[in-house]
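Reading through the structure tokens given below for one structure.
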Amino acid sequence: MNLDLINLVGFESQKLKELETKLNLIANKTINLNHDSLVLQDDNLFFNFKKERALTPLKIDIQKGALGWRLARAQHERHLKKAIGKTDRPLRILDATAGLLGDSMIMLALGHSVTAYEKSKILFSMLNNALNQLPETDPNLLNFKLINSNVCETNFNEKSFDVIYFDPMYPEDKASSARRSDLKKINSILEIEGLASDPESTFTYLRNIPNTKLIVKRPLKADAFKGSINYQVLGKSVRFDIYLN
């Protein structure tokens, strides 16, 4: 993996040792702007893209920014709530592609139990670090699990989950400017790790898990995946295609 691991903490912490082991890298103390770098600074872990990519650093903060604003008003996420459906009990939800954890955290805040899969070791490390910044007293964390694996390499049975949530990466020309920037950053990280994105194959795999509701998030005017959609929930810029298995 062509990546620098940078330690700006000033000493070798346990967190640094864990990163070196997981990513099979040895840390150094100087950022080279011509290299992609995963940077540990204080308790923060951020990704610094090499100069030629012309991308701002990727930082994940669950409590602040756009996600923090959404979480503060989670009950207003009416389209996502409608896609999940009314229920008299918390649902067990599989988020097949964690991404930057936005929708996972909303579903968790709505009272459900969420298991999110992320195949990238780099993104997983950054997400795990962001989760560790949350208060230990946050009761939602008891109902959340983040797994570093390709969801398609896991065997699920019909009793594993009630709902499967799949948010494949949008085509960049159909995404908002903020989303487009995030997509470029995520795509760059996947490229560094040699990980390919194959949404069609992932959809087919998820579609075959029995006795579940599959929710697929798509740009409003994007083509649907193959297969009969049972119903849709339409927003202003996105829609949710629902498949009942």
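The values are calculated or read from the model by the stated rules, or taken from the named source; none is laboratory data. What you see is a predicted model; the values in this text were computed from it and never measured. Cβ placement follows ideal geometry from the backbone for every residue including glycine, while neighbour counts extend to all protein chains displayed.
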Exercise for the section: Inspect all residues belonging to the stretch 141-156 and state whether any of them is assigned to a loop (DSSP other than H, G, I, E, B), in contact (Cβ under 8 Å) with a residue 40 or more places away in the chain and aromatic (Phe, Trp, Tyr). Expected result: yes
Handout entry: Single residue of GLU20, GLU12 found to be touching a strand residue (DSSP E or B) at 6+ places or on another chain (Cβ under 8 Å) and among the acidic types (Asp, Glu)
Key = GLU20
Problem - Selected residue (only one of LEU146, LEU142, LEU91 is within 11 Å of the chain's Cα centre (by Cα), farther than 18 Å from PRO168 by Cβ and surrounded by fewer than 20 Cβ atoms within 10 Å (Cβ to Cβ)) - result: LEU146
Practice task
For the stretch 14-34, state whether one or more residues are more than 20 Å from ILE186 (Cα to Cα), assigned by TED's automatic domain parsing to the domain that holds GLU193, touching a residue at least 40 places away in the same chain (Cβ under 8 Å) and surrounded by fewer than 18 Cβ atoms within 10 Å (Cβ to Cβ).
Solution key: no
Handout entry: Every residue from the stretch 177-206 that is aromatic (Phe, Trp, Tyr) and either touching a strand residue (DSSP E or B) at 6+ places or on another chain (Cβ under 7 Å) or under 15 Å from ALA98 (Cα atoms) (or both)
Key = PHE203
Handout entry: Selection status of ILE84, hydrophobic (A, V, I, L, M, F, W, C), buried (at least 19 other Cβ atoms within 10 Å of the Cβ), at pLDDT 95 or above and under 25 Å from ASN148 (Cα atoms)
Key = yes
Practice task
Could you tell me whether any residue of the stretch 71-88 is within 23 Å of LEU206 (Cβ to Cβ), in a strand (DSSP E or B), assigned by TED's automatic domain parsing to the domain that holds THR212 and touching a Phe, Trp or Tyr at 6+ places or on another chain (Cβ under 8 Å)?
Solution key: no
Problem - So THR97, is it buried (at least 19 other Cβ atoms within 10 Å of the Cβ), in contact (Cβ under 8 Å) with a residue 12 or more places away in the chain and hydroxyl-bearing (Ser, Thr, Tyr) - result: yes
Practice task
Evaluate the stretch 178-193: report whether one residue or more is under 27 Å from LEU55 (Cβ atoms), outside the structural domain of ASN44 (by TED's automatic domain parsing), assigned to a loop (DSSP other than H, G, I, E, B) and modelled with pLDDT of 95 or more.
Solution key: yes
Fill in the blank from the handout: How many residues of the stretch 219-231 are assigned to a strand (DSSP E or B), closer than 20 Å to THR97 by Cα and either at pLDDT 95 or above or in contact with a Gly (Cβ under 8 Å, 6 or more places away or on another chain) (or both)? The answer is 0
